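This report concerns only the one structure given below.
FYI, it's all coordinate maths here, none of it is from the lab. This one's a predicted model, so the numbers in the text were calculated from it and none came from an experiment. Cβ coordinates were reconstructed from backbone atoms using ideal geometry, including for glycine residues, and neighbour counts include every protein chain displayed.
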Amino acid sequence: MTVQPNSIEARDAAYQLHSYSNARKMEAEGSLILEEGEGIYVTDNTGKRYIEGLSGLWSVAVGFGEQRLIDAANAQMQKLPYYHTFAQKSHTPSVELAEKLIEMAPVPMSKVFFTNSGSEANDTVVKLLWYRANAMGTPEKKKIISRIKGYHGVTVASASLTGLPYNHMSFDLPLPGILHTGCPHYGGFAQDGESEEQFVARLAQELDDMIQSEGPDTIAAFIGEPVMGAGGVIVPPEGYWAAIQAVLKKYDILLIADEVICGFGRTGKMFGCETMGIEPDIMVMSKQLSSSYMPISAVMMNDRVYQPVADESDKIGTFGHGYTGSGHPVGAAVALENIKIIEERDLVGNAAKLSPLFIERLTALTDNPLVKEMRGIGLIGALELKQQGDAVGVAGAAMSAACMERGLIVRNLGDTVALCPPLIITEAQLNELFDIYADALASLS
Ligand code: PLP
């Protein structure tokens, strides 16, 4: 792609610093400019149509152009376009959404705190844990254990929780007190001759050792995505979450489930916690919460977390945290309508129903000599391609470009090429997606 003078691409390069882009490369090549979306498809400024194979950023569950969400936003804009939730003020959409989320929770939960992004939600979690530790008279119990390759966002605290090099390099992160334990990717981290069972037992032992060496009284919580997304679509082996939870229970360490990608049907059940048998103390939600039509996220906590926080706010006089946009009425109204659509159209059931075809079509491609491994569950999956010599990500970028050329947007995370289509996808559309994906892979051989 060459950038034409005064084009939208040139103006984009002139005025924007883009997320997760090489700024110099972007200045030279420009970006893909999307103009419209309908169902699982988006169209660029030249009129070329693509299947959105990653639902935007793992988020547009109900597809593009959903009239009910447009109407919900419009109606709320007219009624009360903005109000906040500071200083004992509230409004009906935030109340109804909080009530709905508590009702949907797979384990007993007590309160919801609203934020605007997954990063802000995880940042809020860190602050809640610190506040709670002070409230409980255990100020040393503030460390948080995350995982290598976990993804939890990009604010100072949430980027520290993230366990990926680009989120730390040159940013002087992670913060002290945030630790990273092993990644449950068997294909990537198993030792020679180690069975899946042995691998799981080793990861649990490594966690136990880390807690022992840091001091159990210094660890507040463990955070993890039920299935890792941005770290490369990593589905933990059988028994992993049970083994991790047993260690945490032993030391009275809280468990935070980051459901930002998994939540609202992605893994074939409403929450990843249900798919993976996780009983969290805190759940973090965003993305498919509103199908990303509006930026909204939520931190849901049980009484173990809430009660000491409430006591502390009483002692100090206030809970000194919150965003201007926390529980935004338009965001909340859109999220409520989005959840209604997910339930009424049984999109969770659709993900579960189409999952065998999704996995079968991914698996069929593992015959290709360029493929190292296939991973997937529900309607999230990926092929990891073999690295080309020392060049990490070159094979993945080539596959991503070949898909784009053929009208399919995917996301390569290094050499892992991820798929996460909208949950409204039909069987015929899923086959259409895989026909393109397979053709793109064949073109690289
Ligand atoms: N947590 C998880 C599991 C994510 O996948 C993401 C984003 O991809 C985040 C948190 C951060 O969300 P945001 O980009 O909205 O800040």
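Apply 1/(1 + (r/R0)^6) to the Cβ-Cβ distance of residue 78 and residue 390, taking R0 = 60 Å, and write down the FRET efficiency to the nearest 0.05. So the FRET efficiency works out to roughly 0.55. Of the residues 20, 41, the one with the fewest other Cβ atoms within 10 Å heads the list, and the complete ranking is 20, 41. Phi angles across the stretch 67-82 convert, under the Karplus curve 6.51 cos²θ - 1.76 cosθ + 1.60 with θ = phi - 60°, into 3J(HN,Hα) values of 4, 5, 6, 4, 5, 5, 5, 4, 4, 6, 4, 6, 7, 8, x, 8 Hz, Gly and Pro given as x. Rounded to the nearest whole Hz, the Karplus-based 3J(HN,Hα) values (6.51 cos²θ - 1.76 cosθ + 1.60, θ = phi - 60°) of the stretch 379-386 follow the sequence 10, 10, x, 6, 9, 9, 8, 5, with x at glycine and proline. Taking the Cβ-Cβ separation of residue 35 and residue 343 as r and a Förster radius of 22 Å, what is the calculated FRET efficiency to the nearest 0.05? For residue 35 and residue 343, the calculated efficiency is 0.10. Within the same chain, aspartates and glutamates fewer than 8 places from residue 111 are excluded, and of the rest, those with a Cα less than 15 Å from its Cα are 96, 99, 103, 281, 303, 311. Straight-distance candidates among the aspartates and glutamates for linking to residue 353, with alpha-carbon spacing under 14 Å and chain neighbours fewer than 8 residues away dropped: 427. GNM remark for the chain: springs join alpha carbons under 10 Å apart, and the peak mean-square fluctuation among 301, 136, 285 falls on 136. Reported to the nearest whole Å, the Cα centre-to-centre distance from the stretch 373-445 to the stretch 276-333 is 34.
Between residue 180 and 146, the built amide H atoms are under 5 Å apart, and every one of these is 5 or more places off in sequence or on another chain.
What is the stretch 331-445 by shape, rounded, prolate or oblate, if you read a ≥ b ≥ c off the alpha carbon gyration tensor as root eigenvalues and call it rounded for a/c under 1.5, prolate for a/b larger than b/c, and oblate otherwise? Judged from the Cα gyration tensor, the stretch 331-445 comes out prolate (a/c at least 1.5, a/b above b/c). Simple spin-label estimate for residue 92 and residue 191 gives 6.1 nm between the two label positions (7 Å along the Cα-to-Cβ direction from each Cα).
Sum -39500 (n - 2.57) across every DSSP H segment of at least 4 residues in the chain, then divide by the residue count to get the 222 nm mean residue ellipticity, nearest 500.
It comes out at -13000 deg cm²/dmol, rounded to the nearest 500.
Please report the net charge: other residues with Cβ closer than 12 Å to the Cβ of residue 142, K and R +1, D and E -1. Around residue 142, the charge tally is +1.
Length gained on full extension, residue 99 to residue 442: 118.6 nm, using 0.36 nm per residue less the C-alpha separation.
Annotation: amide H of residue 234 within the under-5 Å range of 228, 229, sequence separation 5 or more or interchain, hydrogens built in the peptide plane. Here the simple spin-label model places points 7 Å from the Cα toward Cβ, and for residue 136 and residue 23 these points are separated by 4.2 nm.
At most 14 other Cβ atoms within 10 Å and a DSSP loop assignment: could you name the trypsin sites (Lys or Arg not before Pro) in the stretch 287-361 that fit? Walk me through the numbers on the way to the answer.
Numbers: sites: 287, 304, 315, 340, 345, 353, 361; in loops: 345.
Here the trypsin sites (Lys or Arg not before Pro) that fit, given the DSSP loop and packing criteria, are 345.
Tell me whether the chain comes out rounded, prolate or oblate; compute the Cα gyration tensor, take square roots of the eigenvalues as a ≥ b ≥ c, and use a/c under 1.5 as the rounded threshold. Because a/c hits 1.5 or more and a/b fails to exceed b/c, the chain counts as oblate. For the stretch 32-124, applying the loop criterion from DSSP together with a ceiling of 15 other beta carbons within 10 Å to the trypsin sites (Lys or Arg not before Pro) yields 48, 89.
Close amide-amide hydrogen proximity is noted between residue 36 and 43, each under 5 Å apart and 5 or more residues distant or on a separate chain (H modeled in the peptide plane; Pro and chain starts excluded).
Listed by Cβ neighbour count within 10 Å, with the fewest neighbours leading, 114, 199, 264 appear as 199, 114, 264.
Taking the DSSP bridge list for the chain and keeping only pairs wholly inside it, about 65 percent are antiparallel.
Approximating the spin labels as points 7 Å out from Cα along Cα→Cβ, the residue 250-to-residue 8 distance works out to 5.7 nm. For the peptides 255-263, 420-428, 149-157, the ranking by packing is 255-263, 149-157, 420-428, with the highest mean count of neighbouring Cβ atoms within 10 Å listed first.
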